[in-house]
């Protein structure tokens, strides 16, 4: 009888699991601690992603290497485009569009890889065309510069698209653009640039 009372006291305040012996208080406390820690990590990660923002720029002019970040952003803002002309090809099915892409985060994303999602928004509804993985050179890099290509038949002329930057499952920036027909005009000349620009790791292409 004394043993029965003793076991009852041991089980008091502990969860009862059919077919299993009662957990010790230490193991129960450890389980609760891990659960709370996991919840904290999830919520803190979502909060961090919500604070992270990215500005997206497209330009047809060449971007000089080695510009300091401030000068780079000023340069692409002045030469920003929202319409990209297709390359002069006789076969529409082989058309392609190219531009220089610049993504500037307001803080380091803390990741070496993030995602770029491209949607067709011609009909007013987002239809996913493709996802692309983008790689940063290090975890503190904030600015990303790269040549970007869009090829037919996956992409079509005279349609509107939207580019979204995704970090840890959350969108941190969007940019809408239009793919034009081939242009017969000469490509825009590159504006004059500093003769000896400073070297900046963030702007490497």
Could we say that residue 27 is surrounded by 10 or more Cβ atoms within 10 Å (Cβ to Cβ) and at pLDDT below 90 here? yes
With criteria (1) at pLDDT 95 or above; (2) surrounded by 15 or more Cβ atoms within 10 Å (Cβ to Cβ); (3) part of a strand (DSSP E or B), residue 132 comes up short on (2)
**Item:** Check on residue 92, in contact (Cβ under 8 Å) with a residue 60 or more places away in the chain and either within 15 Å of residue 176 (Cα to Cα) or loosely packed, with under 15 Cβ neighbours inside 10 Å (or both)
**Value:** yes
Being touching a helix residue (DSSP H, G or I) at 6+ places or on another chain (Cβ under 9 Å), buried (at least 16 other Cβ atoms within 10 Å of the Cβ) and assigned by TED's automatic domain parsing to the domain that holds residue 175 narrows 73, 67, 101 down to just 67
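Conditions (1) closer than 21 Å to residue 57 by Cβ; (2) under 16 Å from the mean Cα position of the chain (by Cα), marked per residue:
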| residue | (1), (2) |
| --- | --- |
| 102 | yes, yes |
| 110 | no, yes |
| 113 | yes, yes |
| 119 | yes, yes |
| 124 | no, no |
| 131 | yes, yes |
| 136 | yes, yes |
| 145 | yes, yes |
| 155 | yes, no |
In the stretch 132-141, anything out of contact with any helix residue (DSSP H, G or I) (no Cβ under 6 Å at 6 or more places or on another chain) and in contact (Cβ under 8 Å) with a residue 24 or more places away in the chain is listed as 134, 136, 137, 138, 139, 140
Taking the stretch 172-205 and the residues there that are farther than 20 Å from residue 123 by Cβ and part of a strand (DSSP E or B), the one that is modelled with the lowest pLDDT would be 182
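The values are calculated or read from the model by the stated rules, or taken from the named source; none is laboratory data. This one's a predicted model, so the numbers in the text were calculated from it and none came from an experiment. FYI the Cβ positions are ideal-geometry reconstructions off the backbone, even for glycines, and counts take in every protein chain you see.
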